[in-house]
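Asker: One structure, pasted below without further comment.
The values are calculated or read from the model by the stated rules, or taken from the named source; none is laboratory data. Quick caveat: nothing in here was measured; it's all calculated off a predicted structure. Please note: Cβ atoms are built from the backbone with ideal geometry, for glycine as well, and neighbour counts cover all protein chains shown.
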């Protein structure tokens, strides 16, 4: 038997995630090179001597924030992805996080008007992990077709969902709500959890939402508005979404809390006359609304049930991941408002069950106690004995930033109680040992400025020898 092999090489993807990139808030382009490294090497010489912003617009269809600087200083092209990682972290400015592995470069950057993210990724990596990449590289609205057999497949979300009711479901199915909303200039990429209402499917979701006997205090405002705009007698949400498209001050309000109307009739009276560019698409098991912001931006609302997710499990899983994590490859173990990272580590000094204090890497369940510590940095800790689980100190470090033998601090907090000096000593010794083991020899800069006045200097003295020279301030680890 003769096998015919295709000579066409698989493409790589360039995904630019920004609120002004059309209905989906992202643009997707395919390039001929099979790998990110090959593309960088192929265009390295061509980029020299050009207006890099215009050149990237022609090459990629978007001026990816900061990426022109990768090529601006010339020099030899990177031979490996490790070399590309060092160049990217050293040269690209205004970057909150730059993650690089053997098949992709993922960047979270400070855009002109709000945060943006972009991904350069090999097609082979997308094919190997479609549950992470399928939505990121998807072009156009979600497909509405649901195969009856495939739609019966059980769907398990990859992340913990927030249920809209605490009651046990009385019916079959589950509806998932994924709302991609831009609430602020910063921290606006990701951080959108998936909400779920078990015991119902999308054709009856409107009636179930309207008649739900549950407090909505913890709901996002968008779901409160949708609930208000489901009219009496309506089962689905198609008409309610059309009304939502005319809700005032969407998608971005002033940030101030606003009292919602008490009834459907009062809410309808507030609606504007037209939709101003918002697009609504509804199918039997999936509904989506692309909310026009009036300045060329869009937010995205997605509702789908278990039948649609069962028919499109990779899209459903990757969408929920995309909503919460700016980086599709994030491990998911970091604290809230900490960027997805492949080189950030946070240590906490914790009171364990035996009453002793220990240093370890932070876990998601430490989140409330870390927030307590931050609050007590500005106000006095309430009196009383230490309790198990209490966080007495924390430091977050970016390893190999910008070069492989350096690191930088992104947060430092130590309790203002009488234990502060001992906590700083304990934290410094533990971090020094780990940094030396990782081959980190010095820091780039010191601690954040507002951290130095309280136990920060003690921490730095334990960590190593501080020095301020022509190349800036840093600490020589272990000296």
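Asker: Could you tell me how many of the residues in region 31-73 are at positive phi and out of contact with any helix residue (DSSP H, G or I) (no Cβ under 9 Å at 6 or more places or on another chain)?
Answerer: Of the residues in region 31-73, 2 are at positive phi and out of contact with any helix residue (DSSP H, G or I) (no Cβ under 9 Å at 6 or more places or on another chain).
Asker: Also, I was wondering about something else. Hey, could you check region 203-225 for residues that are closer than 17 Å to residue 174 by Cβ and not in a loop (DSSP other than H, G, I, E, B) and say which is nearest to the chain's Cα centre (by Cα)?
Answerer: Going through the qualifying residues, I end up with 223.
Asker: Of all residues in region 60-75, how many are without any contact (Cβ under 8 Å) to a residue 40 or more places away in the chain and not in a helix (DSSP H, G or I)?
Answerer: Final tally of qualifying residues: 4.
Asker: Also, quick follow-up: Only one of these is in contact with a helix residue (DSSP H, G or I) (Cβ under 6 Å, 6 or more places away or on another chain), assigned to a loop (DSSP other than H, G, I, E, B) and modelled with pLDDT of 95 or more: 158, 143, 78. Name it.
Answerer: That would be 78, the only listed residue that is in contact with a helix residue (DSSP H, G or I) (Cβ under 6 Å, 6 or more places away or on another chain), assigned to a loop (DSSP other than H, G, I, E, B) and modelled with pLDDT of 95 or more.
Asker: Regarding region 324-341, can at least one residue be identified that is buried (at least 17 other Cβ atoms within 10 Å of the Cβ) and closer than 27 Å to residue 208 by Cβ?
Answerer: Yes; the residues of region 324-341 include at least one that is buried (at least 17 other Cβ atoms within 10 Å of the Cβ) and closer than 27 Å to residue 208 by Cβ.
Asker: Within region 59-74, take every residue that is at pLDDT below 90 and farther than 23 Å from residue 114 by Cβ and give me the one that is surrounded by the most Cβ atoms within 10 Å (Cβ to Cβ).
Answerer: Only one residue fits best here, namely 59.
Asker: Next question, about the same structure. Checking the condition within 22 Å of residue 26 (Cβ to Cβ), surrounded by fewer than 20 Cβ atoms within 10 Å (Cβ to Cβ) and without any contact (Cβ under 8 Å) to a residue 40 or more places away in the chain, which residue from 389, 294, 355 passes? Write out each step before concluding.
Answerer: On the way: 389 fails: within 22 Å of residue 26 (Cβ to Cβ); 355 fails: within 22 Å of residue 26 (Cβ to Cβ).
Of 389, 294, 355, the one residue that is within 22 Å of residue 26 (Cβ to Cβ), surrounded by fewer than 20 Cβ atoms within 10 Å (Cβ to Cβ) and without any contact (Cβ under 8 Å) to a residue 40 or more places away in the chain is 294.
Asker: Oh, and also: Can you confirm whether region 307-322 contains a residue that is over 23 Å from the mean Cα position of the chain (by Cα), more than 20 Å from residue 106 (Cβ to Cβ) and surrounded by fewer than 18 Cβ atoms within 10 Å (Cβ to Cβ)?
Answerer: The answer is no, given that none of the residues of region 307-322 is over 23 Å from the mean Cα position of the chain (by Cα), more than 20 Å from residue 106 (Cβ to Cβ) and surrounded by fewer than 18 Cβ atoms within 10 Å (Cβ to Cβ).
Asker: Tell me the strands (runs of 3 or more DSSP E) entirely within region 259-333 that contain at least 3 residues that are in contact with a helix residue (DSSP H, G or I) (Cβ under 8 Å, 6 or more places away or on another chain) and closer than 14 Å to residue 143 by Cα. If you could, list the steps in order and put the result at the bottom.
Answerer: Details: elements: 279-282, 286-292, 298-305.
Those strands (runs of 3 or more DSSP E) span 286-292, 298-305.
Asker: With closer than 19 Å to residue 313 by Cβ and either in contact (Cβ under 8 Å) with a residue 12 or more places away in the chain or surrounded by fewer than 20 Cβ atoms within 10 Å (Cβ to Cβ) (or both) as the only criterion, which of 121, 146 stands out?
Answerer: When all the criteria are applied, what remains is 146.
Asker: Could you please give the count of residues in region 97-118 that are in contact with a helix residue (DSSP H, G or I) (Cβ under 8 Å, 6 or more places away or on another chain) and in contact (Cβ under 8 Å) with a residue 40 or more places away in the chain? So that I can check it myself, show each step before the final result.
Answerer: We begin by selecting, within region 97-118, every residue in contact with a helix residue (DSSP H, G or I) (Cβ under 8 Å, 6 or more places away or on another chain); these are 98, 100-105, 107.
When the remaining residues are screened for being in contact (Cβ under 8 Å) with a residue 40 or more places away in the chain, the result is 100-101, 103-105, 107.
Residues meeting the conditions: 6.
Asker: Now a separate question. Looking at region 186-205, is at least one residue over 19 Å from residue 300 (Cβ atoms) and surrounded by fewer than 15 Cβ atoms within 10 Å (Cβ to Cβ)?
Answerer: Looking through region 186-205, at least one residue is over 19 Å from residue 300 (Cβ atoms) and surrounded by fewer than 15 Cβ atoms within 10 Å (Cβ to Cβ).
Asker: Can we say residue 169 is outside any loop (DSSP other than H, G, I, E, B), in the same structural domain as residue 309 (by TED's automatic domain parsing) and over 26 Å from the mean Cα position of the chain (by Cα)?
Answerer: no
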